[in-house]
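A short write-up of the structure that comes next.
The values are calculated or read from the model by the stated rules, or taken from the named source; none is laboratory data. Quick caveat, the model's predicted, so the values are computed rather than measured. Cβ coordinates were reconstructed from backbone atoms using ideal geometry, including for glycine residues, and neighbour counts include every protein chain displayed.
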Amino acid sequence: MATLFQLQRLFLSSPAFAVVGASKNTSKYGTKVLNWYKQRGLPVTPVHPRESELEGLKTVSSINELATPTQTSISIITPPAVTLTILQSALELGVPALWLQPGAADDAVDAFIKEKGLQDRVIYGGADGPCIMVQGDGVRAQLDGVIAFSSQTAMEGIPQQTTQRNPEEEAAKRAQEEEMRRDVMATVLEGAARERLSRISLVSPERSKQIEALLLRMVQSGQLRGRVSENQLIDLLEQMEDAGEKSQPKKSAIVFQRRKDPDDDFDF
Ligand SMILES: *[C@@H]1O[C@H](CO)[C@@H](O)[C@H](O)[C@H]1NC(C)=O
């Protein structure tokens, strides 16, 4: 059974996000959650059955229309009856993680989650359950920490002379590592990302080794779900550069007020 923190890490390590329950009303929590993602520059798609655009972002009319549902974590801020139908679709679509904001679940939703064994994919609680606007930044800082740490150890991890091993053992070990590296890169990177990495390796073999070591670590620590696109690879490269220069936590001040009347908050 995953802990809440593990679930939140899983949720926030997805390459894409969607929000169900945002609306034209910026006072509503759904819209605030959408803006939480937007303000952090995270790739987020609002889902709305009627509106074509919310907070300047193009919507899709249902989660069935998400481009990459198996790589999209979904925030849900809807009345429990709607939440239930979304969970059903999410299950069919293979959505990796869902975060039910306070008030979006009821007993029927709880029962559905347990019946379908979704506890390892769904973050939920009662009216005082976890809220991404309260806890999201803390979890993200941890994820950044892991990435910064990985890239640092990756940089230190470039083979040094090891005097204990004899040359044959050393060669065998290198060959084995090389094979594993190639396997992982072949499965984990999308075509365009793989090509970019091979271009990088021509210009800077050192840099491509570092990013490969980082990707390996992310695979081994379960942080990577789904394949890495070219844009994600570029993001990682940038993060690695940032981590190399200085590890400064992203700061953000957000004032959060808990909703008083749960029924007043849904507009979906
Ligand atoms: C927007 O939502 C708030 C909070 O639910 C509500 O009090 C307000 O009446 C809504 N405004 C409109 C224009 O619907």
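Looking only at residues in region 34-58 that are in contact with a helix residue (DSSP H, G or I) (Cβ under 6 Å, 6 or more places away or on another chain) and not hydrophobic (A, V, I, L, M, F, W, C), the one that is nearest to the ligand (Cβ to nearest atom) is GLU55.
If the condition is being of a type in the set (A, V, I, L, M, F, W, C) and in a helix (DSSP H, G or I), then region 181-203 contributes VAL184, MET185, ALA186, VAL188, ALA192, ALA193, LEU197, ILE200, LEU202, VAL203.
No other residue among LEU87, LEU118, LEU93, LEU54 is in contact with a strand residue (DSSP E or B) (Cβ under 6 Å, 6 or more places away or on another chain) and either farther than 20 Å from THR26 by Cβ or at pLDDT 95 or above (or both) apart from LEU54. Among the residues of region 1-28, the one identified as within 11 Å of the chain's Cα centre (by Cα) and either within 16 Å of the ligand (Cβ to nearest atom) or basic (Lys, Arg) (or both) is ARG9. Quick check on my filter: what residues within region 179-208 are within 24 Å of the chain's Cα centre (by Cα) and hydroxyl-bearing (Ser, Thr, Tyr)? Of everything in region 179-208, those that are within 24 Å of the chain's Cα centre (by Cα) and hydroxyl-bearing (Ser, Thr, Tyr) turn out to be THR187, SER208.
Here ARG9, ARG50 are screened, and the one residue that is charged (D, E, K, R) and not in a helix (DSSP H, G or I) is ARG50. If the condition is being closer than 24 Å to ALA81 by Cα, small (Gly, Ala, Ser) and assigned to a loop (DSSP other than H, G, I, E, B), then region 12-47 contributes GLY21, ALA22, SER23, SER27.
For region 103-133, how many residues meet the condition of being assigned to a loop (DSSP other than H, G, I, E, B), farther than 19 Å from PHE5 by Cα and without any contact (Cβ under 8 Å) to a residue 40 or more places away in the chain? Result for region 103-133: 3. Against the criterion of being within 16 Å of the ligand (Cβ to nearest atom), at pLDDT 95 or above, in contact with a Phe, Trp or Tyr (Cβ under 6 Å, 6 or more places away or on another chain) and hydroxyl-bearing (Ser, Thr, Tyr), THR31 does not qualify. Quick one: in region 59-77, which of the residues that are among the polar types (S, T, N, Q) and in a helix (DSSP H, G or I) is surrounded by the most Cβ atoms within 10 Å (Cβ to Cβ)? Ranking the qualifying residues of region 59-77, first place goes to GLN71.
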